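A.B. asks: After the structure tokens below, expect a handful of questions from me.
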Amino acid sequence: MTDSIPYKFDKTHDILDLRQKYEGKIEPGETTEDYVTIAGRLMLSRPQGKIFFGNLTDWTGTVQLFAQENSLTNFRDLTKMSLGDWIGASGYMMRTKKGELSVKLNSFVPLAYTKHGFGDKYKGITDTDLRYRHREVDLWANESTLKVFLARSKVISYIRRYLQDKGFVEVETPILNKIAGGATAKPFVTYHNSLGTDFYLRIAPELYLKRLVVGGFEKVFEIGRVFRNEGLSTRHNPEFTLLELYQAYVDYTDLMVLCENLIYELALMINGTSEVAVGNKLIDLKPPFRRATMEELIFESINERVNVHIPLNELQEIAKKHNVTFDESWMSGKLVLEIYEKTTESDLEGPVFVLDYPKEVSPLARTHRDDELLVERFECIIAGRELGNAFSELNDPKDQLERMTDQARQKKQGDSEAMDVDYDYVRALEHGLPPTGGLGIGIDRLVMLLTGATAIRDVILFPTLKPVEAEFDGDSEN
RNA sequence: GCGCCUCUAGCUCAAUUGGCAGAGCAACGGACUCUUAAUCCGCAGGUUCUGGGUUCAAGUCCCAGGGGGCGCACCA
């Protein structure tokens, strides 16, 4: 059967092209002289005796096919095609008497047959297991899925263009890391045979990128996969896509401007409006975003003054009062962050830049110019979710070494997410890192926000799932 | 890792207090010259996730396991 399938097929138009060119331009019942060739999947089929109607869908849209027995030699074959089969077709642009824009076929050729009749033609596929494990089915059976992933692709290319237009240069740094640095997270471990050594999959590209700034890359970014060996949820996948950018000579206030403008322009590009729907609320992403310190936001939420200058025992009392569980060994910085995350963060509708984090929990950020116990850092929160994280980068090698040493001590004491000392990185700082601002944005969560997806799995083509034993139930086996 | 929910035909879903496992769509055969999830006629389609147990009788109740979802915890 597949012997008759051609090796190539030249189409003249995407279906969207046809819609843009002909929608509203042809009178009902009129057939034009304009000859087009299109290809896609036959998604609906309505043969009706000596005439035929069907819907052909490609990745840009759907158009109706119209055929008559006396003007299409293989008319009978067309009426026998199954839903989901791929076909290529040529014919004249027309509108039916009832007004539907259509292509009046005078030839068609099957391009592939689908052997599995899956997909309810009204409801599509709703089984989440099938949708995630066999995304190719989800993509063709559910129109909205393809749209989400096309939007994701647009977001990423737009970010590249946006940054390149501002003079940023894209680089690639190692995924196999001897030390998993640049964030606090549990890494995956793997092994290199001929070097005879373990490597970690990167948890962030941060340290390498700053080494490039030391080397002279004044504006640099990377968009890439990072890996964190932690739980799965609607907001977490073990591998996810991170944008990190570093710009010499700027501080975190400059990055707020860059961040809010980028998000705003992406919203306009994807949705044509700066408002995005989250649940049943509308959030406007028009800059400027609110800037507020962590202390201010906690106060608004629970009416308590919480900051790192308050004695530890008082902070512990506040935590208890608001049902925030903590470990007695925590120092005030970690406790302040915990109180913020448990009482305040998820209620922040935003968009808001949360400013000035405790130094203790930010080992790569530069000490705040006005407060020794804080760092110049912000997180961008929208709809209770952290989308971005940025700081004025710590560029003092001595300070960096002390903070990493402190982290390593915490790791030894059982904090599996604390960092190791990265001497190569400290040495890089000794070569001189100019004042630099760095920003990271979680691309998956950004795409969720822009497309209205409620689960990170809906914006990752092949999300991490528990493996199941492969069962082959196809009919190609015999 | 813990708790709750869920799994029935290719897809979407039914099945009353435990009582013969069903429908729509798809597929297959046929009718039909303006349909829009076309309509009409016909035919076929099952290890009810798996394994135990209770019972005269289990899709349904119980136990164990597997997949998925949600929540918690960890985190971005």
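The values are calculated or read from the model by the stated rules, or taken from the named source; none is laboratory data. No experiment lies behind these values; they were computed from the predicted model shown. For neighbour counting, all protein chains shown are included, and Cβ atoms are generated from backbone atoms with ideal geometry for every residue, glycine included. The area values use the complete protein model at the heavy-atom level, side chains included, leaving out ligands, DNA and RNA. Shrake-Rupley method; radii C 1.70, N 1.55, O 1.52, S 1.80 Å.
A.B. asks: Tell me the per residue accessible area of chain A using a 1.4 Å probe; a whole number in Å² is fine.
C.D. replies: For chain A, the solvent-accessible area averages 51 Å² per residue.
A.B. asks: Oh, and also: Once neighbouring chains are kept in place and the probe is 1.4 Å, which whole percent of the accessible area of the range A:221-369 is contributed by carbon and sulfur?
C.D. replies: 47
A.B. asks: While we're looking at this one, here's another question. Quickly work out the A:Q48-to-A:T32 label distance, labels modelled 7 Å from Cα along the C-beta direction, and quote it in nm with one decimal.
C.D. replies: 2.3
A.B. asks: Once the piece of chain linking A:N280 and A:D370 is laid out straight, how much longer is it, given 0.36 nm per residue of separation minus the C-alpha distance between them?
C.D. replies: On the way: separation 90, 0.36 × 90 = 32.40 nm, distance 4.00 nm.
Taking 0.36 nm per residue and subtracting the Cα distance, the gain is 28.4 nm.
A.B. asks: With θ set to phi - 60°, apply the Karplus curve 6.51 cos²θ - 1.76 cosθ + 1.60 along the range A:23-34 and write out the HN-Hα couplings as whole Hz, x wherever there is a Gly or Pro.
C.D. replies: Listing the rounded values in order: 4, x, 9, 10, 6, x, x, 8, 10, 8, 8, 7 Hz.
A.B. asks: Using Cα pairs under 8 angstrom and six or more residues apart, how large is the relative contact order of the range A:2-112, in percent?
C.D. replies: 32
A.B. asks: Express in nm, to one decimal, how much length is gained between A:D129 and A:E341 on full extension, taking 0.36 nm for each residue of separation and deducting their alpha carbon distance.
C.D. replies: Taking A:D129 through A:E341 to full extension adds about 73.2 nm, to one decimal.
A.B. asks: Output ³J(HN,Hα) for the range A:107-116: one whole-Hz value per residue in order, computed from phi by the Karplus curve 6.51 cos²θ - 1.76 cosθ + 1.60 with θ = phi - 60°, and x for Gly and Pro.
C.D. replies: Those phi angles translate into 7, 8, 9, x, 10, 5, 10, 9, 9, 10 Hz.
A.B. asks: Taking the full set of protein chains and a 1.4 angstrom probe, give the accessible area of A:E402 in square angstrom, rounded to the nearest 10.
C.D. replies: Rounded to the nearest 10, the figure is 100 Å².
A.B. asks: Using modelled backbone amide H atoms (1.01 Å from N, in-plane), which distant-in-sequence or interchain residues come within less than 5 Å of A:R235's amide H?
C.D. replies: A:I456
A.B. asks: Given H placed on each backbone N at 1.01 Å, which residues far from A:L65 in sequence or on other chains put an amide H within less than 5 Å of it?
C.D. replies: Those qualifying (amide H under 5 Å, at least 5 residues apart or on another chain) are A:G54, A:N55, A:L56, A:V103.
A.B. asks: Okay, moving on. Where the accessible area of the range A:2-112 is counted over protein heavy atoms with a 1.4 Å probe, how much of it, in %, is carbon and sulfur?
C.D. replies: Here carbon and sulfur together make up 50 percent of the probe-accessible area.
A.B. asks: Kindly state, as a whole number, the per residue volume in cubic angstrom of the convex hull around the alpha carbon atoms of chain A.
C.D. replies: Cα convex hull per residue, to the nearest whole number: 203 Å³.
A.B. asks: I'd like to know how the range A:139-278 sits against the 2.2 N^0.38 Å rule of thumb: what's its Cα Rg over that expected value? Don't jump to the answer; show the numbers that get you there.
C.D. replies: Details: Rg = 17.5 Å, N = 140, 2.2 N^0.38 = 14.4 Å.
Its radius of gyration relative to the 2.2 N^0.38 Å reference: 1.22.
A.B. asks: Skipping prolines and chain starts, which residues have an amide H placed within reach, meaning under 5 Å, of the one on A:S107, given they are 5 or more residues away or on another chain?
C.D. replies: Here A:S90 satisfy the definition.
A.B. asks: Label A:F9 and A:T73 with points 7 Å out from Cα along Cα→Cβ: what is the distance between them in nm?
C.D. replies: 1.8
A.B. asks: Sequence gap at least 6, Cα distance under 8 Å: using those rules, report the relative contact order of chain A to the nearest whole percent.
C.D. replies: 12
A.B. asks: Between A:E430 and A:W59, what length in nm is gained on full extension when 0.36 nm per residue of separation is reduced by their alpha carbon distance?
C.D. replies: 128.4 nm
A.B. asks: Okay, next question. How many percent of all Cα-Cα pairs in the range A:2-112 sit more than 21 Å apart?
C.D. replies: 28
A.B. asks: Something else about it: For the residue pair A:R225 and A:N313, what label-to-label distance in nm results when each label sits 7 Å from Cα along the Cα-to-beta-carbon direction?
C.D. replies: So the label points at A:R225 and A:N313 sit 5.2 nm apart.
A.B. asks: Give me a comma-separated list of calculated 3J(HN,Hα) values for the range A:325-342, in order, Karplus coefficients 6.51, -1.76, 1.60 applied at θ = phi - 60°, integers in Hz, x for any Gly or Pro.
C.D. replies: 7, 8, 9, 4, 7, 5, 8, 5, x, 5, 5, 4, 4, 5, 4, 4, 5, 7
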